[in-house]
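Report on the structure given below.
What follows is calculated from the coordinates using simple rules that are stated; it is not laboratory data. Quantities reported herein were computed from a predicted structural model and do not represent experimental measurements. Don't worry about glycine lacking a Cβ; one is built from the backbone with ideal geometry, like all the others, and counts go over all protein chains shown.
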Amino acid sequence: MAVIFPRWTNLIPLGLAVAGPVVLGTVVFAVWYWNSPSFLEVGYSPAQPVPFSHKLHAGDLGLDCRYCHNTVERGAAAAVPPTATCMNCHTKVQTESPKLAKIRESWETGKAVEWVRVHMLPDYAFFNHSVHVAAGIGCSSCHGRVDQMAVVSQVEPLSMSWCLDCHRNPAPHVRPANVAVTDMAWEVGSGTAAKARGDGRDLVPPEHCSGCHR
Ligand code: HEC
Ligand code: HEC
Ligand code: HEC
Ligand code: HEC
Ligand code: HEC
């Protein structure tokens with residue numbers, strides 16, 4: 001009888017048995033490793049190039065968030081302030097402080113300070129600050145008590161289910177028109193009307209996929 005399979009083919013099952021788990025393991029590791037970026041984790045709190053404290057500036061000094069994050073009501077992103085905003089005060093206050101050396105250097109050279117991002121969604125998820133702020137959703141609903149943080153830390157998972165939990169029932173987060181979105185002391189849960197603040201129309205947070213994946 002003719003030999004259909006040469007002798008070496010007997011080794012194929014063994015080869016597969018050994019290679020299979022190795023390949024599978026590599027794939028699982030790669031997916032786990034590259035798809036679990038640390039910046040999506042609750043508690044992520046990277047060191048910053050300058051020890052800027054929200055507790056001091058927003059808490060103790062009482063600066064409004066919008067003094068520095070001044071695009072939050074108009075744009076998709078909440079801009080981190082340029083050095084010029086810091087220098088409004090720090091040309092007069094703490095002018096010799098070593099903690100502000102990098103700010104003075106940035107002011108002299110014109111090179112922006114390289115702040116480290118804390119919150120970051122993947123590119124395929126669409127988010128817009130101004131829509132939320134206009135609807136009366138305050139900073140603290142998503143970022144926690146930033147005014148008590150010496151170093152900013154992520155307090156919410158920013159996961160799809162977290163977005164959807166609020167989109168299905170935003171009412172507890174919607175502030176009345178007389179409470180600023182930057183008021184940190186307002187208690188989440190005391191919201192009542194699920195109406196937009198300005199024009200009185202009903203709020204319609206998207207639950208369909210293309211609302212957030214455009
Ligand atoms: C004096 C200017 C200033 C004020 C006032 C201020 N911030 Fe900031 N904020 C910064 C700077 C600078 C950074 C970047 C460095 C850092 O993360 O600490 C930042 C970072 C942040 C971040 C993290 C951004 C990221 O990378 O994900 C959040 C959230 C934030 N601020 C929210 C607030 C809120 C809420 C308030 C009001 C309670 C506020 N800020 C008031 C200057 C300010
Ligand atoms: C409205 C005024 C004002 C603005 C704007 C401001 N600061 Fe300050 N900053 C202060 C005051 C006041 C202090 C505390 C001074 C003290 O404790 O003697 C301070 C303290 C600091 C300190 C601590 C200095 C030390 O040696 O203890 C750092 C760091 C700092 N600010 C960074 C920043 C950065 C970065 C920005 C811009 C994103 C900024 N500040 C914007 C008023 C301001
Ligand atoms: C509905 C939730 C929500 C509210 C309300 C909210 N943020 Fe954010 N914020 C986010 C998310 C999500 C990101 C990450 C966005 C991204 O990666 O595209 C973010 C990012 C930021 C950043 C980093 C820069 C950027 O835009 O990516 C700053 C600064 C910030 N927020 C400040 C604020 C301030 C100040 C307020 C209140 C006036 C506020 N946020 C209200 C969810 C929110
Ligand atoms: C605390 C409540 C809350 C959280 C958390 C929240 N949203 Fe929303 N979102 C709303 C409300 C309320 C509206 C409706 C605004 C309106 O109808 O004017 C909205 C509207 C939107 C819209 C529609 C904006 C437009 O331009 O059509 C998008 C997109 C969106 N949210 C994305 C997100 C994403 C992505 C997250 C999570 C990273 C998120 N939201 C987290 C309350 C929330
Ligand atoms: C309210 C906003 C919102 C809506 C609506 C939404 N998503 Fe998402 N989705 C997100 C955000 C934000 C992420 C990123 C979450 C993360 O990285 O942890 C995400 C992540 C994903 C991912 C990647 C999951 C992963 O584990 O990496 C898939 C797939 C996805 N969404 C599919 C859908 C489908 C299908 C729908 C409709 C049934 C939908 N999404 C509706 C906000 C939304």
> Can you work out the FRET efficiency for the pair Val151 and Val22, with r the C-beta to C-beta distance and R0 = 35 Å, to the nearest 0.05?
Replying inline: 0.25
> Using a simple charge model, +1 on the beta-carbon of Lys and Arg, -1 on the beta-carbon of Asp and Glu, nothing else, what dipole does segment 79-214 show about its Cα centre, in debye to the nearest 20?
Replying inline: 180 debye
> Under the Karplus relation 6.51 cos²θ - 1.76 cosθ + 1.60, θ = phi - 60°, what is the ordered set of whole-Hz ³J(HN,Hα) values for segment 165-181, x standing for Gly and Pro?
Replying inline: 3, 6, 4, 6, 8, x, 3, x, 9, 7, 7, x, 4, 8, 10, 5, 5
> How far apart, in nm, are the 7 Å Cα→Cβ label points at Ala47 and Glu73?
Replying inline: 3.7 nm
>> Please give me, ordered by residue number, the chymotrypsin sites (Phe, Trp or Tyr not before Pro) of segment 80-153 that lie in loop per DSSP and have at most 16 other Cβ atoms within 10 Å.
In response: Trp115, Tyr124, Phe126, Phe127
> How do 145-155, 70-80 rank on mean C-beta neighbours within 10 Å, highest first?
Replying inline: 145-155, 70-80
> So how do Ile103, Ile12, Ile137, Ile4 line up by other beta-carbon neighbours within 10 Å, fewest first?
Replying inline: Ile4, Ile12, Ile103, Ile137
>> At 1.306 mPa s and 10 °C, plugging the Kirkwood radius over alpha-carbon pairs of segment 60-146 into Stokes-Einstein gives what diffusion coefficient in µm²/s?
In response: 106 µm²/s
> What is the sum of charges around Val72, taking Lys and Arg as +1, Asp and Glu as -1, for the other residues whose C-beta is under 11 Å from the C-beta of Val72?
Replying inline: 0
>> Just to confirm a number: summing +1 for Lys and Arg and -1 for Asp and Glu over residues other than Leu56 whose beta-carbon lies under 13 angstrom from that of Leu56, what do you get?
In response: 0
>> Using Cβ counts within 10 Å as a stand-in for footprinting exposure, how do Leu14, Leu158 rank, fewest first?
In response: Leu14, Leu158
> At what distance in nm do the modelled label points of Ala171 and Lys55 sit from each other, each positioned 7 Å from its Cα along Cα→Cβ?
Replying inline: 3.7 nm
